[in-house]
Amino acid sequence: MKLIIAAILSTTVVSFIPANIAFHRPSVVLFMDGLDQSGNTWKPKSETMGSTDTGDYFPDDYDGPEVDFTAGMGPSGSGKQDGPALPGMENFGEDAIMMGGIEENTEIPEGMEFIPSSVPDDTFEYQVAASSSGKTFEIEIKPFCMGYEDFYVSFTADSHASLSVSPLAGRMDRRGGESSFINVTCEPNGKAGMLTGDLVLVLPEDNSKVSYKIIATAF
């Protein structure tokens, strides 16, 4: 019985196998008739070979005045140059109108607030005679921003009226550059005692400020 089943299975498997398996490879036929296989015979002419950059040379038919190579080499800002000018730009800049530009503000913008810090960055104390016309001292502000920054400075509204500052605005140099200076004046007008105020320097573009405590003792 087992032999019969094995024979039947062998016959079934063999019936599904193709009798002849043929593999066909694609063939490539090259037609060489009429093909020039001698290579490129072009050779450069040494006497005509050179840079392919086009220099600023006059054409062969140019008959205008000869321009010396030093023409137009004067220093900038020396006025008109003796070299040739581009067409339409002979008077370039002479009738120009400056529009805008970087201008340093000298007044405090309207609405700017001067709010002192809870802890002042520095405190300055000095004495002044109450009967004098006043006394002024200078405060140095070293630059601490990465770039040039406009600043505005003023005493707070609750500071003593005898205290004032100038200038009200300026431009701070970059970090490591030159210092800025402001002048604080106290005019007691006969009043004696301790005259105090909070001086605030605001840098709106840098979103920062510096707060000073000013104590003037009038005697």
- [ ] Tell me which residues, restricted to the stretch 191-205, are within 26 Å of the chain's Cα centre (by Cα) and among the aliphatic types (A, V, I, L, M).
- [x] Leu201, Val202, Leu203
Open item on the list: Restricting to the stretch 174-219, give me the number of residues that are farther than 22 Å from Ile115 by Cβ and among the small types (Gly, Ala, Ser).
Closed with: 7
Open item on the list: Could you check the stretch 189-219 and list, in sequence order, the residues that are of a type in the set (A, V, I, L, M) and not in a strand (DSSP E or B)?
Closed with: Ala192
- [ ] Kindly check whether there is at least one residue in the stretch 182-190 that is at pLDDT below 90 and either more than 28 Å from the chain's Cα centre (by Cα) or of a type in the set (A, V, I, L, M, F, W, C) (or both).
- [x] yes
- [ ] Name the one entry in Leu168, Leu199 that is out of contact with any helix residue (DSSP H, G or I) (no Cβ under 6 Å at 6 or more places or on another chain) and surrounded by 16 or more Cβ atoms within 10 Å (Cβ to Cβ).
- [x] Leu199
Open item on the list: Yes or no: the stretch 139-155 includes at least one residue that is surrounded by 14 or more Cβ atoms within 10 Å (Cβ to Cβ), farther than 25 Å from Pro109 by Cβ and more than 29 Å from the chain's Cα centre (by Cα).
Closed with: no
Task: Every residue from the stretch 120-144 that is assigned to a loop (DSSP other than H, G, I, E, B) and without any contact (Cβ under 8 Å) to a residue 60 or more places away in the chain - done: Ser131, Ser132, Ser133, Gly134, Lys142, Pro143, Phe144
Task: Enumeration of residues in the stretch 145-167 that are among the acidic types (Asp, Glu) and not in a loop (DSSP other than H, G, I, E, B) - done: Glu149, Asp150
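The values are calculated or read from the model by the stated rules, or taken from the named source; none is laboratory data. Predicted, not measured: the structure shown is a model, and the values here were computed from it. Positions of Cβ are backbone-derived with ideal geometry, glycine not excepted, and every protein chain shown enters the neighbour counts.
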